[in-house]
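Take a look at the structure set out below.
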Amino acid sequence: MEKTFRRILLTRMKFIGDVVLTTPLIRTLRDTFPDAYLAYLGDAQSVSLLEHNPYLNEIIPFNFSSKGVFSRNTFLEQVRIAALLRKKKFDLAIDLFCNPRSALLTFATGAPVRVGGDLHLRGKLYTIRIRDDGTPKSAIDFHYQSLKAAGIQPLHYKTEIFLTGKEKADALEFLKQQGIDVTKRIVAIHPGATWPSKMWLPERFAELSGRIAKELSTPAFFTAGPNDLDVIQKVQRLASGKVFTLPVLPLRKLAAVLSQCSVFVTNDCGPMHIAVAVGTPTIGIFGPGEENIWFPYTQEFPDGSSKHSALRKDVPCHPCHLNVCNRTGDEYMECMKLLSVEEVLREVKKRLVNEKWKIEDKKDLWEKS
C-alpha cells in the first residue's frame with residue numbers, strides 16, 4: 001500500500017441492514033491502517049449498532065428529524081454535521097450511500113481523497129468516482145468496490161455487532177420477565193418487513209410458532225418493528241396456544257435479545273442482518289429479493305453444515321424488486337405461497353440439532369441478571 005491514511009471517514013447514511021453489511025469494511029480498514037483515526041457517519045438509529053466496535057475511534061450519528069428528511073431540523077442537522085466533519089480534517093472519506101446529502105457531507109469533509117459513485121452531478125463531489133462493474137456480487141462485495149478504488153484490498157467478510165456482557169445479561173432478564181423460559185433453547189420469529197412483497201404469509205408464521213412449541217418443546221416468540229403492528233395482530237389471531245410477542249425494542253436491545261436465541265426465522269429485513277451479526281443461526285425468507293446479494297452468510301457448524309439458510313422459491317417473475325406484488329389470482333405472492341411451513345420447520349430443526357447451545361454456557365449471565 002503506497003498511500004497511508006491517518007484520518008478516515010466511512011459513511012453509510014441509512015438503513016439498518018446496509019450498515020451491518022459494512023462492518024467487514026470497518027475491520028479491513030483497521031487492519032490496513034492500524035494507527036489511523038477511523039470514524040463512521042450514519043443515521044443515529046442504525047449506527048447505534050456500531051457502539052463498542054473496537055475497530056472504530058468514533059461514531060458520528062446523524063439525527064434525522066421525525067418530521068421528515070426535508071424538515072428544517074434535518075437541514076440544521078446537516079449544517080451541524082458538515083461543520084463537524086470539516087473540523088475533523090479527514091484525509092480519506094468513503095461514501096457508501098452516495099445520495100445527494102451524503103455526497104455533500106463527504107465533500108464538506110475537505111478530505112483530499114473522497115470516494116463515491118459516479119452518479120449524475122453529485123459524482124463531481126468525489127475525487128475518486130466508481131461505477132459498479134455489472135458482475136453479480138454480494139452487498140459486501142459491492143461496498144468493497146469503494147475500498148478497492150482507493151487501493152485497499154478486502155480482508156474480512158464476516159459481519160459483526162459487539163455486545164457487552166451486561167447487555168446480554170439484561171436481555172436474558174428481559175426475556176424472563178416476558179414469561180419466556182430461558183433455560184431452554186429459544187426460537188425467535190420476525191413476521192414483518194419493510195414492504196408487503198417481502199412478507200411470508202401471516203398464517204404460516206402462526207402455524208410455524210405453534211409447531212415449534214408443540215413438536216420441538218421449544219419456546220418461540222415474535223419480534224416486531226415499529227411498522228409491524230398489523231401483521232403481528234394477524235399472526236396473533238391465527239396462532240394456536242400461548243403467543244409471546246415482544247414490544248418494539250431499541251436496536252441494541254433487539255440485538256442482545258437475538259444473541260440469546262438458538263434460531264431466528266425472519267423475512268428479508270434489517271433484523272435478519274442483526275441476528276447473523278450477533279452469531280445467531282438465521283433462516284432468511286426471500287421473495288422478490290436476491291439472496292445471493294442480501295444473504296452473504298456462509299458460516300458453518302463444526303460438522304460443515306451451514307449455520308444460516310436463505311429460503312426462496314423459483315418463480316418466473318423473480319427478481320421483481322417490487323414493494324407490492326403485481327400479480328393477481330392464484331399467482332399473487334406466489335413466491336411466498338410456494339414456501340411451506342414444513343420446509344421452514346425442517347430448517348429450524350437442523351439448526352437446533354447443530355447449535356451447540358448449553359444451559360451451562362449462560363449460567364453466569366443468569367446469575368448476574
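Please treat every number below as a calculation from the coordinates, not as lab data. Here the structure is a predicted model, which is why all the values come from computation and not from measurement. Cβ coordinates were reconstructed from backbone atoms using ideal geometry, including for glycine residues, and neighbour counts include every protein chain displayed.
Remark: the ASN292-ASP35 segment gains 89.1 nm on full extension, using 0.36 nm per residue and subtracting the alpha carbon distance.
Coupling constants for the stretch 12-24 follow from the phi torsions by the Karplus curve (6.51 cos²θ - 1.76 cosθ + 1.60, θ = phi - 60°), and in residue order they are 10, 5, 9, 5, 4, x, 5, 5, 4, 5, 8, 5, x Hz; glycine and proline get x.
The alpha carbons of the stretch 27-158 give a radius of gyration and a Dmax of 14.9, 41 Å, in that order.
Looking at the stretch 44-103, none of the GluC sites (Glu not before Pro) sits in a DSSP loop with at most 10 other Cβ atoms within 10 Å of its own Cβ. The calculated FRET efficiency for the pair GLU203 and LYS148, based on their C-beta separation and a Förster distance of 41 Å, comes to about 0.35.
Building the convex hull from the alpha-carbon atoms of the stretch 154-271 and averaging its projection over directions returns 8.4 nm². Per residue, the average separation of C-alpha pairs within less than 8 Å and at least 6 apart gives the stretch 78-183 a relative contact order of 17 percent. A Förster radius of 25 Å, combined with the Cβ-Cβ distance separating ARG6 from ASN99, puts the computed FRET efficiency at roughly 0.35. Near SER197, once Lys and Arg are set to +1 and Asp and Glu to -1 for all other residues with Cβ below 14 Å from its Cβ, the sum equals +1.
The stretch 50-92 and the stretch 157-230 have Cα centres spaced 32 Å apart. When every Cα-Cα distance of the stretch 213-369 is counted in 10 angstrom steps from zero, the calculated P(r) takes the values 9, 34, 39, 15, 2, 0 percent. Spacing of the modelled spin labels on LEU155 and LYS234, each 7 Å from Cα toward Cβ, amounts to 4.6 nm. Working note: Karplus 6.51/-1.76/1.60 with θ = phi - 60° gives the stretch 246-260 the couplings 7, x, 5, 10, x, 4, 5, 5, 4, 4, 5, 4, 5, 5, 8 Hz, where Gly and Pro are set to x. Taking a point 7 Å from the Cα of ARG327 along the Cα-to-Cβ direction, the residues of the stretch 265-301 with backbone N closer than 16 Å to it are 286-290. For the residue pairs LYS198/LYS253; LYS184/LYS214; LYS214/LYS313; LYS253/LYS337; LYS124/LYS148, the alpha carbons lie more than 22 Å apart in LYS198/LYS253; LYS214/LYS313; LYS253/LYS337. Modelled spin-label separation between LYS89 and SER217, with each label point placed 7 Å from Cα along the Cα-to-Cβ direction: 6.6 nm. One chain, two ends: THR135 and LYS313. Fully extended at 0.36 nm per residue, the span grows by 61.8 nm beyond their Cα-Cα distance.
Computed with the Debye formula from one identical point scatterer per Cα of the chain, without solvent, the log10 of I(q)/I(0) at q = 0.08, 0.11, 0.14 Å⁻¹ comes to -0.43, -0.81, -1.23. Projecting label points 7 angstrom from Cα along Cα→Cβ for LYS242 and GLN178 puts them 1.4 nm apart. The antiparallel fraction among DSSP beta bridges confined to the chain stands at about 5%.
For the stretch 267-280, 3J(HN,Hα) computed residue by residue from phi via the Karplus equation (6.51, -1.76, 1.60; θ = phi - 60°) reads 6, 6, 7, x, x, 4, 6, 4, 4, 4, 5, 9, x, 8 Hz, glycine and proline entered as x. For the pair ARG346 and THR164 in one chain, pulling the backbone fully straight at 0.36 nm per residue adds 62.3 nm over the alpha carbon distance. Computed from the C-beta positions of PHE75 and GLU300 and an R0 of 41 Å, the FRET efficiency is 0.30 to the nearest 0.05. Take every pair of alpha-carbon atoms less than 8 Å apart whose residues are at least six positions apart; their mean separation over the length of the stretch 165-368 yields a relative contact order of 25 percent.
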